[in-house]
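Following: one structure in structure tokens, then a few remarks.
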Amino acid sequence: MSSRYTVLIRNARIVDGTGAPAFSGDIGIAGSHIVALGRQLEGDAEQVINASGLTVAPGFIDAHTHDDLVVLRQSVVPPKLYQGVTSLVIGNCGFGMAPVVQEHEAAVKTYSSAILGEDSLPWNWPTVGAYLETMRSTALKQHVCSLLPHGPLRVAVMGYGQRQATEREIQAQEALVEEAMQAGSAGLSLGLMYVPGMYTPASELTRLARVVGRYGGVVTSHMRGEGDHLFASIAEMLELGEKADVAIHISHLKVCGRHNWGGMERALEMITAARARGLDVSIDMYPYTNGSTTILQLLPPWVLDGGIERTLERLRDPSSRRRVSLDLQTGVEGWENQIGYIGWEGVRIASVQSEGYKGLEEKNMLEVADLLQLAPDEALFELILHERGKVTVLLQLMSRADIDRAALAPFAMLGSDGIPLPGGRPHPRLYGTFPRFLARYVRERKLLSLEEAIHKLTLLPARRFRLSEHGEIAPGKVADLVLFDEEAISDTATYNEPRRYPVGIEAVLVAGRPVLWQGQEHAIYAGRLLTPERMKI
Ligand SMILES: [Zn+2]
């Protein structure tokens, strides 16, 4: 005779994701779904988990990842699984793996490699539908929710050139957006600080965003500016939402540059006012004061025009080198000069590719300059040329007060923005974001309740991306669950030792199956490509 439950979790303290007060009880699971919730559930089970002393929450949803390549090729992103993350939102900051046409495949792969990683297999997905079909047919340990990345979309139609799209090219992009939304994308992600997003005018974005809006999707954005141009950038996004009638989600909201610190209050006021006018706006953030990006983002935009080979050519040419040096000193109108914000000592090398330069990892740019016996700007050029731009850097950009303020906004969820490259020292947010939030914000500093915090990691992002079966512990929902010790949960990853798993997480269930159990990751492939619900069309 078969059991009523495949898994029965007994004596748990349940934080259900809605923000409601925790309660004690049992959770009955049959197959992939929660089927019963209550005290002392009757009926037998194939597996009983005694959760005495543990808290059970919905599996965490990482609202902002760059795990596209890792999850596709390796089925799981361990640094996320060990944090209790059961769903990964991919395709962020305008970076992603589809649509890619053969003509631009090599360029897209090279350009994305500093964020997504290197891949030797082909990216032959001229449509998002073809890509998502590949994802669907891949065995996954975690769920995936996919955004259409603006970079590959625009490049598929018009390459990497620095110019406005023609009417024909806009129509071709609209058709691709339509196709992507029909195929199951949650929305469109913009990377307006990156090529080719930085070349795309608002009028062109509005056309694409309208298509997303018709499908009830969301437009997410790594905005044009996060420092001196923060408020103008937020205004641009809010206007886009209003003009295109589409929900807006601002990625990794932050206030960069010491002289801008304190600006979060006004940023949140702008968003709150837009919400009061009826616009659906949300944000994600990570609980760290350092940012991480590719070394190319330290250069003025004109140097990046035309792709990586052109950039390297310019950096080999003495007269354009002089121009870059001057721009780094004096700035360029409309460009966020990170070096100007934080100085050379505020830039730290996280990872390089070549063995010869491994010794530069962890050093700040003044130390790098010393070691190479060059001026800091010359050291920067040398590093970019030698590594062909494949260097990730940490930037000491933000103030804790601003980050705290963002975290507490009712429309704020967490997104790790981790860069999952092999080797080197990644930003510790890759391994620590979620446990860190619960340890620091809830247990240590008591800035919000556990229930409020869990809501930001679960149901809030589930609603944002319209994942109606996820993010909540209730009968009928998918049994994505994380079991943890409230008193012990903590990140352990640091800037110096970032590849350390958190502590205090006892088990992670994906669709009713214990994938992380008794400290071990198991060969259980219950993850799915999640398709957003409630299409307007
Ligand atoms: Zn970003």
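Brief remarks follow.
- Folded to 0 to 90 degrees: helix 202-214 orientation relative to the chain principal axis, Cα: 20
- Amide H contacts for GLU362 (H built 1.01 Å from N in the peptide plane; partners 5 or more residues away or on another chain; cut-off under 5 Å): ILE349, ALA350.
- When you count the other C-beta atoms within 10 angstrom of each residue and take the mean per peptide, 367-374, 474-481 line up highest first as 474-481, 367-374.
- Hz values of 3J(HN,Hα) by residue in the stretch 302-314 - Karplus curve (6.51, -1.76, 1.60), Gly and Pro given as x: 4, 5, 8, 4, x, x, 5, 5, 5, 4, 5, 4, 4
- Accessible area of the stretch 341-443 belonging to carbon and sulfur atoms, whole % at 1.4 Å probe: 48
- The SER24 and SER468 beta-carbon pair, evaluated with R₀ = 25 Å, returns a calculated FRET efficiency of approximately 0.40.
- The residues of the stretch 294-396 expose, per residue, 43 Å² of accessible area to a 1.4 Å probe.
- Protection proxy ranking, highest mean first, for peptides 48-61, 441-454, 195-208: 48-61, 195-208, 441-454, where packing is the per-residue count of other beta-carbon atoms within 10 Å, averaged.
- Among beta bridges that DSSP assigns inside the chain, antiparallel share in %, nearest 5: 55
- Near THR220, the amide H atoms lying under 5 Å from its own belong to LEU188, SER189, LEU190, HIS249; only residues 5 or more places off or on other chains count, and H is placed 1.01 Å from N.
- Expressed as a whole percent, the accessible surface of the stretch 22-84 that belongs to carbon and sulfur atoms is 46, based on a 1.4 Å probe.
- Prolate/oblate/rounded call for the stretch 414-511, Cα gyration tensor, a/c under 1.5 rounded: prolate
- Listed by chain and number, the lysines placed with their C-alpha closer than 25 angstrom to that of LYS254 are LYS80, LYS243, LYS363, LYS390, LYS446, LYS456; residues fewer than eight positions away on the same chain are left out.
- Gyration tensor verdict on the stretch 1-150 (Cα atoms; rounded if a/c is under 1.5, prolate if a/b is larger than b/c, oblate otherwise): prolate
- The stretch 101-238 - convex hull of the alpha-carbon atoms, volume per residue in Å³: 125
- The stretch 456-537, accessible area per residue, ligands and nucleic acids excluded (1.4 Å, Å²): 42
- Label sites at GLU178 and THR110, each approximated as a point 7 angstrom past Cα along Cα to Cβ, lie 3.4 nm apart.
- Expected 222 nm ellipticity per residue - DSSP helices of 4 or more, -39500 (n - 2.57), all of the chain, to 500: -10000 deg cm²/dmol
- Relative to the compact-globule estimate of 2.2 N^0.38 Å, the Cα radius of gyration of the chain comes out at 0.95.
- Rounded to whole Hz, the Karplus (6.51, -1.76, 1.60) HN-Hα couplings of the stretch 445-451, x for glycine and proline: 9, 6, 7, 8, 6, 4, 4
- Each residue of the stretch 236-245 was assigned a 3J(HN,Hα) from its phi angle through the Karplus expression (A = 6.51, B = -1.76, C = 1.60, θ = phi - 60°), giving 4, 5, 5, 5, 4, x, 6, 5, 9, 6 Hz with x at Gly and Pro.
- Interchain or long-range residues, amide H under 5 Å from ALA507's placed H: LEU483
- Summed over the residues of the stretch 22-181 and divided among them, the accessible surface reaches 33 Å² per residue at a probe radius of 1.4 Å.
- Alpha carbon convex hull of the stretch 309-356, volume per residue in cubic angstrom: 127
- Contour minus Cα-Cα distance for PHE231 and ASP245 (0.36 nm per residue): 3.0 nm
- Rounded to the nearest 10 Å², the accessible area of ARG310 at probe 1.4 Å: 100
- Within the accessible area of the stretch 456-537 (1.4 Å probe), percent carbon and sulfur: 46
- Gyration tensor verdict on the stretch 174-282 (Cα atoms; rounded if a/c is under 1.5, prolate if a/b is larger than b/c, oblate otherwise): prolate
The values are calculated or read from the model by the stated rules, or taken from the named source; none is laboratory data. It should be emphasised that the depicted structure is a prediction, and the values quoted were computed from it without experimental measurement. When we count neighbours, we look across all protein chains shown, and the Cβ atoms used for this are built from the backbone with ideal geometry, even at glycine. Heavy atoms of the whole protein, side chains included, go into the accessibility calculation; ligands, DNA and RNA do not. Shrake-Rupley method; radii C 1.70, N 1.55, O 1.52, S 1.80 Å.
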